[in-house]
Each structure stands twice: as C-alpha cells, then as structure tokens.
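Down below is the structure, laid out as structure tokens.
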Amino acid sequence: MKTLEDFLLDLKGKGFQFGEDAVGFIYFGKQYTGSTDELTIIAIELTLKSQKKFDGSFYISLLEMFPANNIKTRKQAIRYVKQKQLLPI
C-alpha cells in the first residue's frame, strides 16, 4: 500500500506540482476527517480527474462524503462519485 507521501512524490515525478499551501491543505484534510492514506489518495485522484486541478473544497467534500456513505475502498469511492455524477464516465 502506497503512503500519502509516496503518492505525492510520484505525482511530482510525473510533473504535477502541488504548491506548499496545497500540500498543507491535503494533510489538514486527512487529519480533519480522520481519513486513511488510501482514502486520502483516492480523494486527490478523483479531485484531479473531476476538476482538472486541485480544488480544496471538492477534495474536502469527498473526504467528508466517504465515511458518511460507508466508503472504505477505491472501488466503492469510484462507484459513488459516478452515481452522484461527480466524475465523467
């Protein structure tokens, strides 16, 4: 399982740069919602796919939606955002 830090480093290696404020916000959101690294990574991926950039409010809303809807896996998260039409199919 990849850690959040490894995931962010992988993105950086692929040319996707987060500003320091965005990285701080990512960790804040993870702590604020008590999310695991896995769900935090999924929220970042889905935010980038849906918004085409990092949108902090969208990211936080996903992190809040996951436990509220008993979402614990990547597959459940993707299914949920597609059902809610938050992600283009």
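Once every DSSP H run of n ≥ 4 in the chain is given -39500 (n - 2.57) and the sum is divided by its residues, what mean residue ellipticity at 222 nm do you get, rounded to the nearest 500 deg cm²/dmol? Show your work: numbers first, answer last.
On the way: 5 runs with 62 residues, N = 89.
One gets -22000 deg cm²/dmol as the mean residue ellipticity at 222 nm.
Which one of Thr36, Thr47, Thr73 has the biggest mean-square fluctuation once the chain is modelled by GNM with Cα springs under 10 Å?
Thr73
Give me log10 I(q)/I(0) at q = 0.22 Å⁻¹ for the chain, Debye formula, one equal scatterer per alpha-carbon, no solvent.
Relative scattering, expressed as log10 I(q)/I(0), comes to -1.13.
Using a cut-off of 19 Å between alpha-carbon atoms, which lysines can reach Lys72, once sequence neighbours fewer than 8 places away in the same chain are excluded?
Partners found: Lys2, Lys30, Lys82, Lys84.
We did not get these values from a lab; they are worked out from the coordinates using the rules stated. In this text, all values refer to a predicted model and were calculated from it rather than measured experimentally.
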